[in-house]
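Please treat every number below as a calculation from the coordinates, not as lab data. Everything numeric here is computed off the predicted structure, so don't read it as measured data.
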């Protein structure tokens, strides 16, 4: 797996999402997830929290890899 390619693609996707929905609040996103998937508000919030944690972990690993490469 080419992590450089994944990282570049992720940056592009993340930027596109921000551009597309820059006015979308977390509450609005939670409501949209709830409506789309027919789940409770608490479940939608949990899904969003899990996703944010996964993104944070990916970013942490990327930063760790970058630090190791720099040394």
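Diffusion of the range 25-71 by Stokes-Einstein, at 10 °C in a medium of 1.306 mPa s and with Rh set to the Kirkwood radius over alpha-carbon pairs, works out to 131 µm²/s.
Calculate for the chain the 222 nm mean residue ellipticity that helices alone would give, adding -39,500 (n - 2.57) per DSSP H run of length 4 or more and normalising by residue count, nearest 500 deg cm²/dmol.
Helix contribution divided over all residues of the chain: -29000 deg cm²/dmol.
How far, in degrees from 0 to 90, does helix 3-20 lean away from the longest principal axis of the Cα atoms of the chain, to the nearest 10? Tilt relative to the chain: about 40 degrees. Relative to the dominant Cα principal axis of the chain, helix 26-37 is inclined by about 70°.
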